[in-house]
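As structure tokens, the structure follows; a few thoughts come after it.
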Amino acid sequence: MSTTSIMIVGVGGQGSLLASKLLGRVLTAENYDVKVSEVHGMSQRGGSVVTYVRFGDKVYSPIVDAGEADFIISFEKLEAARYISNLKIGGKIIVNSQQIDPMPVITGAASYPAEVLTTLREMGAEVQEMDALTLAMEAGSPKAVNIVLMGRLARYLGIPAEKWIAAIETTVAPAFVELNKKAFALGYND
Amino acid sequence: MKKLLIGNEALARGFYEGGIGVVSSYPGTPSTEITEYLSTYRDIYSEWAPNEKVAAEVAFGASLGGKRSVCAMKHVGLNVAADPVFTMSYTGVNAGMVLCTADDPAMHSSQNEQDSRHYAIAAKLPMLEPADSGEAYAMAKASFALSEQFDTLFMIRMTTRIAHSQSIVEIGEREEVADKEYKKQPEKYIMMPAYAKRKHPVVEERTKALTAYAETCPFNRVEDGADHSLGIITSGTCYQYVKEVFGDTVPVLKLGMVNPLPPQMIRDFAEKVDRLVVVEELDGIIESFVQSLGLPVEGKNLFSPIGEYSQSIVARAFGKADTPALAPVEGVPGRPPMMCAGCPHRGIYYILAKHKITVIGDIGCYTLGAQPPLNAVDSVLCMGASVSGLHGFNKARGAEAERKSVAVIGDSTFMHSGITGLVDIAYNQSNSTVIILDNSITGMTGHQQNPTTGMDIHGDPSGKIDLEALCHAIGIRRVAVVDPYDLAACEKVLKEELAAEEPSVIISRRPCVLLKSVKKLPSLRVDADACRGCKACMGLGCPAISFRDKKAVIDETLCVGCGVCRQKCAFGAIG
């Protein structure tokens with residue numbers, strides 16, 4: 001099979017690293033060649049964070065370039081707009097409908113673009129908006145936004161939900177397994 | 001067993017299986033995880049050293065003592081370690097020793113974009129460079145035996161993209177290696193002129209032997225392709241981009257040993273292709289070498305020496321069309337990293353900015369004080385440069401500057417290389433004021449212990465350097481401690497110490513708010529009726545505070561109740 005490319009984008013502290021860890025485990029267990037690339041270091045400081053995940057028979061580059069992402073999972077609306085040109089023509093972008101103001105907006109140096117997802121749709125992107133924060137709270141913690149979004153992505157990757165559940169059991173701390181399983185199911189079924 | 005590992009974890013696994021006995025490092029992105037993962041193997045000795053020079057010397061001592069050893073650092077850390085490293089090239093090793101240096105093309109979290117391969121050339125040391133985690137693992141595992149075979153420190157160069165990308169590694173078992181006997185050998189290990197003069201020719205001969213090895217080294221290989229109108233020489237992460245673009249269509253010479261380079265292998269490769277191109281990030285080092293062989297070659301005429309590459313950059317350089325894509329959205333505000341809600345650095349920076357103090361800054365989370373809205377920092381150069389830089393600034397500008405300028409440095413950075421600057425201040429008596437931001441952890445690299453925290457790399461109790469006692473011992477009589485959450489106290493202490501007619505140190509002490517041991521207070525709230533919308537609280541640059549409908553709003557999921565904004569509110573609206 002040809003290589004599938006996924007981008008996970010969000011704001012430092014939103015838990016995108018755990019999401020990519022889970023995804024990497026699921027894909028490795030399916031015997032795909034997998035590459036996951038994330039640049040951390042400043043990621044805890046509220047900056048924009050991006051993770052690339054690629055899988056297939058043989059994957060060379062760990063990077064997802066312009067026009068290459070089959071899926072973009074965005075934890076925040078502005079970040080969806082920031083990385084939209086990475087989306088493959090015909091690719092899907094799944095966006096958590098949260099708004100987190102970046103510092104230039106907080107200081108008043110810039111404004112948060114209005115109706116940003118409408119703009120993306122008008123450009124021709126297939127945007128799926130979901131209120132992952134509300135679903136995460138329903139699961140038991142606002143921190144489970146990452147697993148809710150992975151639940152939604154799981155619908156499209158053709159890997160049975162049980163395999164994801166098995167990976168959740170080995171990826172998250174025992175105390176949070178049930179919460180995350182619930183979050184996954186809520187995202188998957190939403 | 002197959003595992004998905006980041007490059008740094010793959011290195012750690014390879015070193016472990018290769019029989020490592022000792023690792024000593026100083027944290028630095030993107031190298032930190034090498035040592036963090038090694039520290040999880042409790043049957044070896046691992047530590048955080050105060051700086052990279054110390055780490056390299058500890059690892060050298062361990063090699064001398066007969067155990068295979070590693071030190072890992074970021075590229076700029078190698079500048080700090082360079083002194084012992086250059087002479088280790090002369091002494092060689094007893095047990096195998098490896099130095100990992102992690103470069104940061106595109107400067108994801110660094111102050112410059114230097115190419116560590118220059119060091120390998122300058123110090124006449126062999127260097128390996130992996131192209132994915134599998135290769136990082138294999139190189140790490142093989143490197144100790146190579147180090148012993150050629151009697152030299154081996155270097156492994158990582159880049160951020162390899163260090164922090166995960167790919168699949170087939171891991172194995174640890175090889176138990178007997179310690180080497182320690183024999184006193186003055187002519188090998190004492191580098192004074194009489195012995196060093198005899199060692200330099202040995203180094204030159206060793207380079208010849210290593211060059212011969214490079215010709216057959218399994219990490220250098222040719223992957224043939226049907227179309228010989230083009231041949232590409234590449235290494236590291238660039239190999240992946242080349243393969244992504246060309247697949248198996250054109251011949252590729254993939255170099256895993258990047259110093260010394262294999263002249264015959266390159267000549268043979270060049271002969272088979274019509275056009276020869278080197279694809280390498282940062283400087284044109286391989287390209288220059290190929291040129292020195294008298295071969296026509298291209299490289300930096302097609303590629304920039306700046307930043308990271310990718311498959312599209314490679315494709316474009318060879319005239320291929322871009323992948324169709326949507327146009328970027330105009331006017332998306334940037335999202336730079338910032339000090340966290342409740343960060344203890346914020347309060348002291350606010351006071352410094354309020355009084356328009358010149359701040360000679362340093363390397364750490366607190367470099368973020370340079371960002372809007374605080375804009376509190378004037379200069380950041382390298383680890384430790386705040387303290388010595390302030391001294392020079394004050395010597396240049398005199399008494400007026402001394403009353404309006406400070407150095408700002410973190411606890412870990414002060415241990416790393418701030419102490420010597422403070423010695424200079426005490427010795428040469430400038431009336432300088434140094435602020436140590438003691439947040440009880442090495443923050444920016446993701447929470448590593450350091451000599452001031454009282455815990456070792458495993459989080460177990462260890463020696464603890466007493467900052468106040470240390471400053472006193474150096475000869476600083478005025479040492480004040482202040483809580484950075486208390487703005488009035490910060491302001492008072494700052495005024496007093498700037499006015500004092502002698503050197504002084506202010507220790508701004510409060511643990512990093514991200515530490516699990518730090519108890520978070522309930523979120524504060526804005527009383528919308530009391531808020532006048534004056535934006536005084538916004539001037540702190542706290543990510544938990546935003547402005548909606550002409551009133552300040554506090555995000556309860558981010559606020560940790562530090563109370564700094566409450567002190568700024570003249571209308572009592574925050575509580």
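Treating only the Cβ atoms of Lys and Arg (+1) and Asp and Glu (-1) as charged, compute the dipole magnitude of the stretch B:2-216 about its Cα centre; round to the nearest 20 debye.
Working: 23 positive and 28 negative charges, 117 e Å.
For the stretch B:2-216, the charge dipole is close to 560 debye.
Quick one: which of B:520-532, B:245-257 comes out on top by average Cβ neighbours within 10 Å, and what's the full order, highest first? The partial results should precede the final answer.
Values: B:520-532: 14.0, B:245-257: 20.4.
Ranking, from highest mean packing down: B:245-257, B:520-532.
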Highest-first arrangement of B:274-286, A:4-16, where packing means the average Cβ count within 10 Å: A:4-16, B:274-286
Helix B:487-499 vs. chain B, principal-axis angle (Cα, 0 to 90°, nearest 10): 80
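Could you tell me the relative contact order of the stretch B:2-216? Use alpha-carbon pairs under 8 Å, at least six residues apart, and round to a whole percent.
Reported as a whole number, the value is 28 percent.
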Local electrostatic count, residue B:40, Cβ distance below 11 Å [Lys/Arg +1, Asp/Glu -1]: -2
Cα gyration tensor, the stretch B:70-196 - rounded (a/c under 1.5), prolate or oblate: oblate
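If you take every DSSP beta bridge whose two residues both sit in chain A, what share of them, in percent to the nearest 5, is antiparallel? All intermediate terms of the calculation are to be shown ahead of the outcome.
Numbers: 14 of 28 bridges.
Approximately 50 percent, going by the DSSP bridge assignments.
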Accessible-area value, residue A:63, 1.4 Å probe, nucleic acids and ligands omitted, Å²: 10
Net +/- balance of residues flanking residue B:198 in space, Cβ distance below 15 Å, scoring K and R +1, D and E -1: 0
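Step through the table entries B:356/B:550; A:58/B:74; B:535/B:568, compare each Cα-Cα distance with 19 Å, and write down the pairs that go over it. Please list the in-between numbers first.
On the way: B:356/B:550 28 Å; A:58/B:74 30 Å; B:535/B:568 10 Å.
Those over the limit are B:356/B:550; A:58/B:74.
In peptide B:372-383, what is the residue-averaged number of other protein chain Cβ atoms found within 10 Å of each Cβ? Don't skip to the end; give the middle numbers.
Details: counts 6, 6, 1, 0, 0, 0, 0, 0, 0, 0, 0, 0.
Mean number of neighbouring Cβ atoms from other chains: 1.
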Tilt relative to chain B, helix B:193-216 - C-alpha long axis, 0 to 90 degrees, to 10: 70
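State the antiparallel share, in %, of DSSP beta bridges confined to the stretch B:221-317, rounding to the nearest 5. Could the numbers behind the result be given before it?
Numbers: 3 of 12 bridges.
If I count the DSSP bridges inside the stretch B:221-317, around 25 percent turn out antiparallel.
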Cross-link partners of residue B:124 among lysines (Cα-Cα below 16 Å; sequence separation of 8 or more within a chain): B:197, B:199, B:208
For chain B, Kirkwood radius (reciprocal of mean inverse C-alpha pair distance, Å): 26.1
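Please report the relative contact order for the stretch B:111-223, taking Cα pairs under 8 Å with a sequence separation of at least 6, and give it as a percent rounded to a whole number. List each step's numbers first, then the result.
Values: 68 pairs, mean separation 29.1, N = 113.
With pairs under 8 Å counted, the relative contact order is 26 percent.
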Cα shape, chain A, gyration tensor, a/c 1.5 rule: oblate
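Can you give the average number of partner chain beta-carbon atoms within 10 Å of each beta-carbon in peptide A:66-78, as a whole number? Intermediate results must be reported in sequence, preceding the final value.
Working: counts 8, 6, 6, 1, 0, 0, 0, 0, 0, 0, 1, 0, 5.
Per residue, the number of nearby Cβ atoms from other chains is 2 on average.
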Helix B:263-272 axis, angle to chain B major axis (alpha carbon atoms, nearest 10°): 70
Most to least packed among B:230-240, B:394-404 [average Cβ atoms within 10 Å]: B:230-240, B:394-404
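Rounded, prolate or oblate: which fits the protein assembly as shown, taking a ≥ b ≥ c as square roots of the Cα gyration tensor eigenvalues, rounded meaning a/c under 1.5, else prolate when a/b beats b/c?
On the way: a/c = 1.76, a/b = 1.12, b/c = 1.58.
Since a/c reaches 1.5 but b/c is at least a/b, the shape of the protein assembly as shown is classed as oblate.
Restricting to DSSP H runs of at least four residues, report the calculated mean residue ellipticity at 222 nm for the protein assembly as shown, -39500 (n - 2.57) per run over all residues, nearest 500 deg cm²/dmol. Mind dumping the intermediate values first?
Numbers: 28 runs with 279 residues, N = 765.
Helices in the protein assembly as shown give a 222 nm mean residue ellipticity of -10500 deg cm²/dmol.
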Relative contact order for the stretch B:414-493, counting Cα pairs under 8 Å that sit 6 or more residues apart, in percent: 18
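Filter the cross-link list A:35/A:77; A:21/B:3; B:180/B:464 down to pairs whose alpha-carbon distance in this structure exceeds 21 Å.
Working: A:35/A:77 26 Å; A:21/B:3 12 Å; B:180/B:464 33 Å.
Long pairs (Cα-Cα over 21 Å): A:35/A:77; B:180/B:464.
Treating only the Cβ of Lys, Arg, Asp and Glu as charged (+1, +1, -1, -1), what charge dipole size does the protein assembly as shown show about its Cα centre? Round to the nearest 20 debye.
Values: 75 positive and 87 negative charges, 284 e Å.
In total the dipole reaches around 1360 debye.
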Cα centroid separation - the stretch B:226-284 against the stretch B:329-403, whole Å: 44
Within-10-Å neighbourhood charge of residue B:543 [Cβ basis; K, R +1; D, E -1]: -1
Selected from B:443, B:573, B:105, residue furthest toward positive end of dipole (chain B; charges at beta carbon): B:573
Farthest toward positive dipole pole in chain A [+1 Lys/Arg, -1 Asp/Glu at C-beta], among A:170, A:107, A:36: A:170
Residues of chain B: accessible area per residue with a 1.4 Å probe, Å²: 39
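The values are calculated or read from the model by the stated rules, or taken from the named source; none is laboratory data. Computed from a predicted structure; not experimentally measured. Because the Cβ atoms are built from the backbone with ideal geometry, glycine has one as well, and the counts that use them run over all protein chains shown. Calculation scope for accessible area: heavy atoms of the full protein, side chains included, ligands and nucleic acids excluded. Shrake-Rupley method; radii C 1.70, N 1.55, O 1.52, S 1.80 Å.
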